[in-house]
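Here's the structure we're looking at; comments come further down.
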Amino acid sequence: MKLASTFIQLASVVCAAAAVLPRTDCGRLSQAFAEDVVAKFITILNHPDPAAANATAQALLADGYQEISDSILSLEGQPLGGITFEGKQGYIEGVLAAPPVEGITTNEILVAGSSKILWYWTFYGIGSGEYEVKGFNLFTITEKGQISTLNLEFNSIAWGLNTGYQIIFPEGGGAPTK
Ligand SMILES: *[C@@H]1O[C@H](CO)[C@@H](O)[C@H](O)[C@H]1NC(C)=O
């Protein structure tokens, strides 16, 4: 009994010490840190002030930054399973040169353990904006608190329709749930 309660006391002391670090809460990434990462990432995507967005991106993304997305490769007509961006400078230049992503809405921001953040989002302003586009960003965070990898999957059919792709339905369906 006594040993167990001493151990619990010890564990809570260790947790209190860990909570002092800005990015962690008892060995996990903190919710506040996760929300800050997503808020910064949004300012990169919509880049109202490109110079500020660049500075934010330079600080937030790790040097070996990778983006991995079969949704993007599908839209590009590329083979699946590859990397969509390798290295942060190319990514930052690409995002800042693209039109701002409008209508970004956060559905959920979730911390997964010591190195992952999941951002579930809806973008209402892609292309014509006719269809909402829902997706997930899974960020991997380094010890320094930077993003090293972004795994990103979203409704690429809605994105494609909003931006002028033609969809031809197969005879007899082909949707996964109908
Ligand atoms: C962003 O900042 C970096 C580092 O200061 C600079 O080398 C780069 O040219 C800038 N890129 C853009 C698109 O402003």
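Any chance the range 127-145 includes a residue that's buried (at least 17 other Cβ atoms within 10 Å of the Cβ), within 16 Å of the ligand (Cβ to nearest atom) and closer than 29 Å to SER30 by Cβ? So far as the range 127-145 goes, no, none of its residues is buried (at least 17 other Cβ atoms within 10 Å of the Cβ), within 16 Å of the ligand (Cβ to nearest atom) and closer than 29 Å to SER30 by Cβ.
Criterion first (of a type in the set (Asp, Glu) and out of contact with any Phe, Trp or Tyr (no Cβ under 9 Å at 6 or more places or on another chain)) does GLU153 satisfy it?
Against the criterion (of a type in the set (Asp, Glu) and out of contact with any Phe, Trp or Tyr (no Cβ under 9 Å at 6 or more places or on another chain)), GLU153 does not qualify.
Looking across the range 87-114, the residues that are assigned to a loop (DSSP other than H, G, I, E, B) and over 17 Å from LYS40 (Cβ atoms) come down to GLY87, ALA98, PRO99, GLU102, GLY103, GLY113, SER114. For the range 22-29, indicate whether the set of residues that are more than 20 Å from LEU138 (Cα to Cα), hydrophobic (A, V, I, L, M, F, W, C) and modelled with pLDDT under 95 is non-empty. Scanning the range 22-29, I find at least one residue that is more than 20 Å from LEU138 (Cα to Cα), hydrophobic (A, V, I, L, M, F, W, C) and modelled with pLDDT under 95, so the answer is yes. For the range 52-78, the set of residues classified as away from the ligand (no atom under 16 Å from the Cβ), in contact with a helix residue (DSSP H, G or I) (Cβ under 7 Å, 6 or more places away or on another chain) and either more than 21 Å from LYS144 (Cβ to Cβ) or of a type in the set (Phe, Trp, Tyr) (or both) consists of SER71, SER74, LEU75, listed by residue number. Checking every residue in the range 163-178 against the condition of being basic (Lys, Arg) and within 28 Å of LEU29 (Cβ to Cβ) gives zero matches.
Residue pairs whose Cβ atoms lie under 8 Å apart, separated by 6 or more positions or on different chains, with the first residue in the range 52-65 and farther than 12 Å from LYS40 by Cβ and the second among the aliphatic types (A, V, I, L, M) and more than 10 Å from the ligand (Cβ to nearest atom), are ALA62/ILE147; TYR65/ILE147; TYR65/LEU150.
The values are calculated or read from the model by the stated rules, or taken from the named source; none is laboratory data. Because the structure is predicted, anything quoted here is derived from the model rather than measured. Cβ atoms come from the backbone with ideal geometry, glycine included; neighbour counts cover every protein chain shown.
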